[in-house]
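*Asks:* Once you've had a glance at the structure underneath, I'll fire off some questions.
The values are calculated or read from the model by the stated rules, or taken from the named source; none is laboratory data. Given the structure is predicted, the values throughout are model-derived calculations rather than measurements. As a convention, Cβ positions derive from the backbone with ideal geometry for all residues, glycine included, and neighbour counts pool all protein chains shown. With ligands, DNA and RNA removed, areas are computed over all heavy atoms of the protein, side chains included. Shrake-Rupley method; radii C 1.70, N 1.55, O 1.52, S 1.80 Å.
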Amino acid sequence: MTIDIEFKPDFVSWRTEARRLLLAETPPEDISWVPAGEEQGRLLFGAGASADGHGQVGASTEIAKAGPATRVPRAFMEAAELAAVHREPRRWQVLYRILWRLSHGEPHLLDIEVDDDVLLLRRMAKAVGRDIHKMHAFVRFRKVMGTNPDAPEDPVYVAWHCPDHAIFRLAVPFFVRRFRSMTFSILTPDGSAFWDKKRLEYGPGVPEGMAPRLDDDLEALWCSYYGAIFNPARIKIKAMKREMPVRHWRTLPETALIGELLAGSDARVAQMMKDQPKSASAFVPKQAAELAELKIAAAVCAGCSLCHTATNAVFGKGPANARIVIVGEQPGDQEDLLAEPFVGPAGKVLNEALAAAGIRRDDVYVTNAVKHFKHKKVGLQRLHQKPEAREVAACRPWLAAELQLIKPEIVVCLGATAALSVLGRMIRLADERGRWLSSSWSKRTLVTNHPAAILRMMDKDQQAAAMAQFVAELGMVTGVGHQR
Ligand code: URA
C-alpha cells in the first residue's frame, strides 16, 4: 500500500518531507508524491508572495543533519535543487529514490553514470541550468513610465518571459545584481518579481490567458498587474481570481494562440542557442532610440564568455548629445562592481587630466571598447587581463550602437585596445597618437595614452612627462567644444 505525501512542490518542502520519511525508514516504493496546486508542472498561483530578496533555498547539506544514515554528497543536493524546478512529473519520486539508495548501501551511486535514476537527475539538472542561462540571456525589458507612485518620474522596466522550467526564483537574483540601480519587474507564468532598487517583491505568476501577445500588451498587463499585485506591494490573489476566475484560465480563446506564439519564440531561442553567439550583435536592439535602452540590453549580453565572470556589464555614461566620446579599454575591478566606467584609480587620473585640459567630465560621454571586466582571480584579488582581439570584436556592436546614437564630433581612444575597436585595426601607439585620424565614427578621431599606463609608471619624472603629454593631447579637442 502506498501513502500519498501531499506537499508544496518546492525543494525545501520536498526536503523536509524526504528527511521525515527517511528517518521513518519509508522505502520509495511505498510513497506517492502528490504536489499540491501544480498542473502540468506549473503552479497555478506561481511563486507566492514572500520577499526574501534572494530566491534561494536553504543550505544544501541540511538533510545530512537528519542522522548518520542520511549523509548525502553535496553534489546530490546541488543537482536535486536544480532538478526540483524541472517540469518532469517523476522528479520527486526519482529524487527520493536516489536519496534512499545513497543512504542504503549505495553511497557512490552518483558515480554510476549509466544508472537510470542518476541519468535522469543529471539530465534534469542540466536542462534547468540551461534554462536559467537562457532566461538570463534572453529576457528583454520594455520601458514603462509613470506606474510607480513612489517615483512617478522613474521608468519601470518590465519583461515577460516564459521559461521551460520553474526556474523563476533561481533566475531572478541575477537580474537584481545586474540591474540594482533600476526599477524593474519580470513577469512569468510561474511568478512575478518587482525590484524597486531596495527590495525584491515576489508575486503570483501571470496566468497563461493573460500572457502578452504583443509588446504593447506587456505595458497594459504591467499597468493592471502593478495595481493588483505590487501596489501597495501586497499580493491580491483574490482580486486576481475575481478579475479572471481560475476555471476560465485554461479555456480562454487566446490561450490557443499563446501556444503557437511561445512555440515560435522557443524555436527562435533554440536557433540562437545553436548559433552560439560569438558576438554581442544578437543582443543589441536593432532600432534602439535611446542609450538607456542599449544599457538595459547590454546588461544581459552573453555575446562572449566574459559575461560569466563579470559582475556587471559596464555601459557608457554621459550626455546623449556629447560632442566628445572617450573610449577606454574595459572596466576595471571597481567599475565592474559599481557598473560605471572610469570610477576607479584610472578614472581618477582621467579626471585630473580632463580638468587640466579644461574639459568637464560631465560634458563628455565615457565608455569602453569591452563592456565586461576580464580578470584572473589570485587569492582575493581580481587582476585585470587584457581583452583579446576576438573579445574586442565581439563587444564592438555595443560601441558601434553608442556611437551611432551619439554621433560625436570627436572620438578619443585611450590606448591601443580602444583604437582597435574604433579604427578597426591594430596600431602602434607611439606612431599614431596625438594626431587626427579618421574612423567610421568621426573624421576627428584621436588616439592617446591610457591613464592606467601612466598610473603604472614607476619613475616619477617619466610619469609626470606622460601625464603632461596626455593632458596636451586631450587638450587638442578643446577647440571643438564639448556639448551640442
Ligand atoms: N580602464 C578602462 O579602460 N576603463 C574603465 O572604465 C576603467 C579602467
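*Asks:* Which of K317/K386; K197/K286; K198/K407; K295/K374; K386/K460; K8/K374 have a Cα-Cα distance over 30 Å?
*Replies:* With Cα atoms farther than 30 Å apart: K198/K407; K8/K374.
*Asks:* Still on this structure: Tell me the accessible surface of K407 in square angstrom (1.4 angstrom probe, heavy atoms of protein chains only), to the nearest ten.
*Replies:* 120
*Asks:* Another one. Per residue of segment 443-452, what does 6.51 cos²θ - 1.76 cosθ + 1.60 with θ = phi - 60° give for ³J(HN,Hα)? Whole Hz please, x for Gly and Pro, Karplus curve as stated.
*Replies:* In residue order, the calculated couplings are 6, 10, 10, 10, 10, 9, 6, 8, x, 5 Hz.
*Asks:* Under 5 Å between amide hydrogens, which residues at least 5 positions from Q385 or on another chain qualify, with H placed 1.01 Å from N in the peptide plane?
*Replies:* Sorted by chain and number, the residues that satisfy this are K374, H375, K376.
*Asks:* Please list the non-local residues whose amide H lies under 5 Å from the amide H of F7, H modeled 1.01 Å from N, same-chain partners needing a gap of 5 or more.
*Replies:* Those qualifying (amide H under 5 Å, at least 5 residues apart or on another chain) are V34, A36.
*Asks:* Beta carbons within 10 angstrom, averaged per residue: use that to sort the peptides 357-363, 415-421, 156-162, highest first.
*Replies:* Final packing ranking: 415-421, 156-162, 357-363.
*Asks:* Place the peptides 380-392, 296-308 in order of packing, highest mean first, counting for every residue the other Cβ atoms within 10 Å and averaging per peptide.
*Replies:* On the way: 380-392: 14.4, 296-308: 21.2.
Going from most to least packed, we get 296-308, 380-392.
*Asks:* Given the peptides 396-403, 437-444, arrange them by the average over their residues of other C-beta atoms within 10 Å, most packed first.
*Replies:* Highest to lowest by the protection proxy: 396-403, 437-444.
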